[in-house]
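Have a look at the structure below before the remarks.
The values are calculated or read from the model by the stated rules, or taken from the named source; none is laboratory data. Computed from a predicted model, the values in this text were never measured in an experiment. Reconstructed Cβ throughout: ideal geometry from the backbone, glycine too, with neighbour counts over all protein chains shown. Areas reflect the complete protein model, heavy atoms only, side chains present, ligands, DNA and RNA absent. Shrake-Rupley method; radii C 1.70, N 1.55, O 1.52, S 1.80 Å.
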Amino acid sequence: MLVDLGDVTILPGLLDAHVHLAWDGSPDPIEQVRQEPKALTILRAANHAAANLRTGVTVVRDLGSPQGLAIDVASAIGSGIITGPRVLAAGCAITMTGGHAHCIGREADGPDAVRRAVRQELKSGAHCIKIMASGGALDGEDGDLGAPQLSVPELRAAVEEAHRAGRAVAAHAHSLESINNVLDAGVQSVEHGTGLDATAAHRMRREQVYLVPTLSAVESVLGQARAGTIRPDIGRRIALLAEHNGIAFRTALRHKVPLVAGSDAGVPGQRHGALPDELIAMVRAGATPRQALQAATVNAAALLGVITDHGTLDPGKRADLLAVGGDPDTDITTLHDVRLVMFEGRVLVRAMASSGSDAAHSTNPAGWRVNRTPDLRICLSEVGFVWFVGGEFVEWVGVGGDGLLE
C-alpha cells in the first residue's frame with residue numbers, strides 16, 4: 001500500500017540545540033517547578049520531549065534542568081519506556097553562587113570547585129556541559145544580564161574537565177566580555193551571543209565555535225512582557241536583548257560564523273516544538289532559508305557530536321525523516337506544514353496532503369538542492385520511500401529493520 005504525501009520536501013529530522021524540558025513556557029516556569037513535586041516536573045518534561053518529536057525534531061539538547069532531571073528523561077527514552085526524540089542533556093548548568101539560573105544549576109566558586117561540579121555532572125550521566133558566563137533576562141530584580149559570571153580560570157577549569165571526558169561545552173553569554181571569556185576558555189558553542197562584535201565573530205569562525213542565537217525565544221519573552229504577564233524587570237532586560245540580538249546575529253552572518261539552531265523552548269512564551277519558529281526568525285533576521293535549514297540539521301549534528309547518525313539523509317544514518325508541504329528552501333514557513341515524521345524507521349506522524357498536486361520536492365542531503373521535476377511524486381510505503389516520475393519508478397530509499405537508511 002502506498003500513501004501519497006502530495007507536494008512535499010523530505011528532510012532529515014531536525015535538531016534543536018537549546019531547550020529546557022522541565023520548563024513549559026509559562027510566565028514564571030522557574031517558580032512553577034520550584035513549587036511542584038519532582039515527579040510532576042519529570043512527567044511534564046517527558047511530555048515536552050514528545051511535543052518536539054511531533055514537529056519533526058528528532059534530537060534535542062537540554063541545557064539545564066532542576067536536579068539534572070533531563071538526564072533521567074533521556075534514559076527513559078533511550079530505554080523505550082517513553083516515546084520522545086533523542087535527548088542530549090547537560091544535567092545541571094555550572095554557575096557561580098547566586099549566578100544566572102542557579103535554580104537549574106550546580107553552584108561553584110573557584111577553579112577547583114568548578115572542576116568538582118563538572119565531575120559531578122559527568123558522574124550523573126551528562127552528555128555535555130553547560131556553563132553560565134554572564135547574567136540573564138530571567139535573573140532576580142538586581143541582575144545585570146551582561147555582567148560576567150565565572151572567571152576565565154573557572155571557565156577554563158570547566159572546559160578542561162569536560163574535554164578530558166570527551167564532552168563538549170556550551171556557554172551562556174550575553175555580553176562581549178563574557179563571549180571573549182568563553183572563547184579564551186575553549187568552548188564549542190556560544191548560546192545567545194548578545195554583544196558579539198566583528199572581532200569576536202572572526203575568531204569564532206576561525207576557531208569553528210558555533211553560535212546558537214535563540215532569536216525566537218527573545219521574541220517570545222518580549223511578547224510576554226508587552227502583554228504584562230511577566231515581571232517588569234524581566235521585561236526591561238528582554239527589551240535590551242531584543243534591541244541587540246539582531247545586531248549580533250547579522251554580525252555573525254557577515255563574518256560567516258557557523259550557526260546552529262536552538263529554540264530555548266521552555267522560557268516564558270516559548271513552547272516546546274518551536275524550532276520552526278526559530279528558523280523563521282533566523283530568515284527574518286537575514287539568513288537564507290538554506291542557512292537556517294543547515295543550522296537545524298548538518299551544523300547542529302556536527303556541534304552535538306551526532307553527525308554519524310543524524311543531520312543528512314545518507315545511507316547508514318538513522319531513519320529520522322521529516323516531510324513538509326512545499327519547499328522550505330524557498331519558503332521556510334512550510335516547516336509548519338508537517339506531513340510525516342519518521343523516527344528510527346517508525347512513522348509517528350502521517351498527514352494526507354490537503355490538496356492534490358502534481359509536484360513534489362526531494363532534498364539533496366549534501367547541498368540542499370531541490371528537485372523540481374514537475375510530475376515527481378513521493379509516496380510512503382511500509383518499508384521505505386518510493387520516488388515516481390511520470391508514473392515510473394525512479395529511486396528507492398529503504399528503511400532497514402534496524403531503523404537505518406539503506
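Data overview
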read-out	value
Verdict on G262 being at positive phi, in contact with a Ser or Thr (Cβ under 8 Å, 6 or more places away or on another chain), touching a residue at least 40 places away in the same chain (Cβ under 8 Å) and crowded, with 21+ Cβ neighbours inside 10 Å	no
Checking K130 against (1) more than 15 Å from the chain's Cα centre (by Cα); (2) part of a strand (DSSP E or B), the condition it does not meet	(1)
Search result, residues across the range 54-82 that are farther than 20 Å from G125 by Cα and open to solvent by 10 Å² or more (accessible area, probe 1.4 Å)	R54, T55
Qualifying residue in the range 18-28 (condition: within 20 Å of G262 (Cα to Cα), open to solvent by 10 Å² or more (accessible area, probe 1.4 Å) and at pLDDT below 90)	no
The range 45-58 residues that are over 14 Å from G25 (Cβ atoms), paired with ones that are aromatic (F, W, Y) (beta carbon under 6 Å, 6 or more apart)	T58/F343
Residue that is surrounded by the fewest Cβ atoms within 10 Å (Cβ to Cβ) [pool: residues in the range 38-53 that are among the small types (G, A, S) and under 15 Å from the mean Cα position of the chain (by Cα)]	A50
Unique residue being of a type in the set (G, A, S) and in contact (Cβ under 8 Å) with a residue 60 or more places away in the chain when the list is S151, S216, S124, S175	S216
Condition broken by G311, with the remaining ones in (1) under 16 Å from T214 (Cβ atoms); (2) buried (at least 21 other Cβ atoms within 10 Å of the Cβ) satisfied	(1)
The listed residue being free of Cβ contacts under 8 Å to residues at least 60 places away in the same chain and within 21 Å of the chain's Cα centre (by Cα), out of G13, G68	G68
Candidates V169, V182, filtered to the one that is crowded, with 24+ Cβ neighbours inside 10 Å and in contact with a Cys (Cβ under 9 Å, 6 or more places away or on another chain)	V169
Residues of the range 260-296 classified as farther than 13 Å from L335 by Cα and within 11 Å of the chain's Cα centre (by Cα), total	8
Candidates A287, A227 - the one that is free of Cβ contacts under 8 Å to residues at least 40 places away in the same chain and buried (at least 24 other Cβ atoms within 10 Å of the Cβ)	A287
